[in-house]
Amino acid sequence: MRMWREMRRREGAALAVLLAIGGLFLWRLATASPGTGPRESEDDGIQALPMKRTRIQPRMLLSSVTGLEARVAAPIVSSLGATGARLQPRLLAASTLSPGPRSSPPEPAPVTTLAPASSELLEDGLPASGLRCAREGEGFSCGSCRTDSDCPPGKGCVANRKTRRFECLDSECEEDVHCFPGLVCRRASTGATGSSIRRCVPEGRRLLGEPCDTLHLSPSGSCREGLRCVQRVCSAPCSLEDAASCPSGYTCTDSPNGPGCFPDCRQLGCPEGQRCSRVREDFHQCLVASEGDCRDTGCPEGQHCNMRQSRGRAVFWCASLCNPLLSDSCSAGQVCGMGSATVSTCFRQCEPMDPDTCGPGWTCATVSEDMTVFGCRPELAR
């Protein structure tokens with residue numbers, strides 16, 4: 001009996017020890033730090049990896065450039081979070097090239113009057129179309145070149161709007177995505193006598209259907225990203241091989257900037273403040289102002305109806321035909337210059353250093369590609 005009691009006492013003591021150990025374990029588990037946990041959670045890097053990549057990537061990019069390159073690369077780093085927003089208009093522009101259902105034409109945009117390029121002053125105080133030139137012989141020198149033939153193969157004589165000088169430059173882009181954010185790829189030369197040069201320039205502000213500059217002069221005269229300046233009107237891109245790539249009332253029209261959906265104002269009308277005018281042949285477009293009627297009445301025999309058009313304004317006048325290779329092809333006091341891309345006409349000779357040489361309503365401007373011949377042209381209505 002005594003032995004049996006001793007065994008029961010020892011079993012009770014062992015059970016008490018086990019209960020104490022178990023309670024201690026439960027207490028430590030309950031009071032453990034919230035940051036501690038199972039081993040597999042501490043080693044799990046699936047969520048941490050993207051955060052590390054996001055933080056390291058900009059630092060590596062910035063440390064890989066110095067000086068001027070760092071100033072150029074900085075906007076890229078700061079815009080990483082907005083990449084999707086910037087790509088959206090570019091994807092939209094690309095999608096218009098693929099065949100799709102014919103859609104209804106958009107409503108004409110309200111007229112935003114754009115001052116003539118000679119009246120729009122930029123930050124440097126010069127007109128948007130102005131260049132820094134020096135008198136040289138019978139003409140002017142406005143840089144290191146005058147025509148594309150002065151440049152090496154593959155380069156063109158381009159007006160650099162930053163330096164305000166003509167320079168031999170090559171293309172630096174083919175599409176908008178080749179330029180840094182805030183810049184778009186635009187044609188910088190006509191390509192009439194050499195290479196067609198494309199450069200990265202500040203994105204324009206002109207909206208769909210608004211007048212625009214064929215070549216980039218300033219952001220206020222250029223189209224928004226995703227649009228093309230076709231016949232001096234901001235147009236949506238299209239495919240010449242697909243008639244359905246433009247909505248009803250629009251025609252896919254080719255241009256040096258690429259094909260775009262050009263509106264037929266005879267079908268769609270014009271925004272308030274503009275008038276549907278015949279510009280040439282059977283071609284009509286909306287104009288803010290138009291002067292001269294030779295496009296409708298024609299010119300006397302031996303004359304050509306010259307047209308000057310810019311920023312939604314146009315002026316037409318008759319001028320005698322001439323041959324630039326013959327010195328006496330124009331009357332005394334006149335010079336032979338470019339009446340159009342394919343026709344030469346006579347202009348009243350003028351002195352570009354004298355602002356009153358042409359009289360009221362006329363302006364003295366170069367009428368030759370090499371800027372050595374100056375003649376009087378009618379001013380565009382404001």
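Values computed for the structure shown
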{"item": "Karplus-derived HN-Hα couplings along segment 305-320 (A = 6.51, B = -1.76, C = 1.60, θ = phi - 60°), whole Hz, x at Gly and Pro", "result": "7, 6, 10, 10, 9, 6, 6, x, 10, 8, 9, 10, 7, 8, 9, 5"}
{"item": "Taking segment 335-382 and dividing mean pair separation by its residue count, relative contact order in percent (alpha carbons under 8 Å, at least six apart)", "result": "33 percent"}
{"item": "Net charge, VAL315 excluded, C-beta distance under 13 Å - Lys, Arg +1, Asp, Glu -1", "result": "+3"}
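Every number here is computed from the coordinates shown, using simple stated rules; none is lab data. These numbers were taken from a predicted model, which means no experiment stands behind them. Quick reminder, even Gly has a Cβ in these numbers, built from the backbone with ideal geometry, and neighbours come from all protein chains shown.
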